[in-house]
1. Near the amide H of PHE286, under 5 Å away, which other amide H atoms are found, from residues 5 or more places off or on another chain, if H is placed in the peptide plane?
2. Between (1) 23.2, 75; (2) 23.0, 79; (3) 20.9, 66, which matches Rg and Dmax of the Cα atoms in Å calculated for the structure shown?
3. Straight distance only, please: which lysines reach the Cα of LYS77 with their own Cα at less than 27 Å, same-chain residues fewer than 8 apart left out?
4. Counting only the heavy atoms of the protein chains, how much of GLU397 is accessible to a 1.4 Å probe, in Å² to the nearest 10?
5. Rounding to the nearest 20 debye, state how big the charge dipole of the chain is about its Cα centre with +1 on each Lys and Arg Cβ and -1 on each Asp and Glu Cβ.
6. Taking the Cα atoms only, what angle lies between the long axis of helix 74-83 and the longest principal axis of the chain, rounded to 10 degrees?
7. Helix 193-202 versus the longest principal axis of the chain: what is the Cα-based angle in degrees, 0 to 90, to the nearest 10?
8. In Å², what does the accessible area per residue of the chain work out to with a 1.4 Å probe?
Amino acid sequence: MKNRHLVCPLAAATALALAGCGLLPGSGDATRTVNVWLMRDSVSEDFLKRFTADYEAQHKGVELKFTFQEWTGIGKKVTEAIRGEGGPDVIEVGNTQVAQYADTDKLYDLTLESLRDLGSADWLPGLAEPGRIGGSQYGIPWYAANRVVIYHKDLFAQAGVTKPPATRAQWLDDTEKLNRDGSQGIYLAGQDWYTLAGFIWDEGGELAEDKGGDWTGALDTPAALRGMDFYKDLQSLGSGPKNADEQTPPQAEIFAKGDVAQIIATPSAVAAITKANPELEDKLGFFPIPGKKAGQPCAVFTGGSDLIVPENAPERNAAIEVVKALAGEKWQTELARAMNYVPNKTSLASVVEGQEATAVMAVGAARGKATPNSPQWADVEAANPIKPYMTAVLQGEDPKKAAETASTEITEALAE
């Protein structure tokens, strides 16, 4: 990756020279427009209006222009933008997408800002690690969301389960108790590989490992196999299909029927659940996915967004200031409360304490992770050998052999 550099010679370190390099925010009389690409529905109109008004009031001579993009086809569009000229100055990208954009050598290295201005030591690992490539920080964490356990309070009470489980062992015992009177203790589809990833990480395993620049599949390691073994035990306590994922059929619709005690999903699933069955609105509870030890929730896949600045950004220095504002404490707090997101720092978890589901997410996010930080990981997900591997194990095939096959396919995809 490219090293950090300044366009102007350091010897010309006078106020005039700095202004010529664009290093002094607000220098000059001309209005500068910072073009920001955000993803559709990532923020509310009200949030954006408030941020824009506040920022422009404090940064005279800067105008913000926001353009919303669709997730479909965004990879190609961003790649073309960062390779061309006159593109956007700031781009919101999925946290797991940073590696593929950084691989172009067209992103600006924001390591200095992350250390000096943004308190990167406290960032959520599931947002920070995907944005860090080759020791440099190219993606600045913006917001996160992750899976929790959504449960039916009445079914818990009827089964005598008075509080959420604190450990995985207790979770299995409670889920078995919840299998009663025609109800499922849990609905867990056989190919919910994001949930499996959390169990693998909790055991100390990985989906793939970087060995000196060469990525290899790691589902066949003892730790990863233990994660799959727990998944199999949990999945057997419900009637989820062994050969389909959580969207086939949509698990929220299954839960909405009222005879499922638990699902593993992001809290955003609540909207679909209550739309299908409004009577469940006051009967839903949330708890972090339990870990092996009490007081330490399971590692979870962290989804969300990072902010990047292209090397070719026309207003790059002004863009960096916008990123610092969006990722800073004030607007992180505003964003989390407005959108029910987990803020980008563990120290900001308290700002969502009054929002039950988001607060539970924040507990899990502190131990969150993301998919392997390879530019080719999207190729793995396109073919996704993890799903048939899971089905094979759940249907009784030898776990080690099935894992070796899947790991080989992952290695081949990451080598392309």
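1. The answer is TYR151.
2. (2)
3. LYS77 reaches LYS2, LYS49, LYS65, LYS106, LYS324, LYS369.
4. Its accessible surface works out to 110 Å², give or take rounding.
5. 600
6. Tilt of helix 74-83: around 20 degrees.
7. Rounded to the nearest ten degrees, it is 90.
8. Working: 17990 Å² over 416 residues.
With the other protein chains kept in place, the chain gives 43 Å² per residue.
The values are calculated or read from the model by the stated rules, or taken from the named source; none is laboratory data. Note that the coordinates shown come from a computational prediction; the quantities given were computed from them, not determined experimentally. In this analysis, Cβ positions are derived from the backbone assuming ideal geometry, glycine residues included, and neighbour counts consider all displayed protein chains. Protein only, heavy atoms only, side chains kept; ligands, DNA and RNA dropped before computing areas. Shrake-Rupley method; radii C 1.70, N 1.55, O 1.52, S 1.80 Å.
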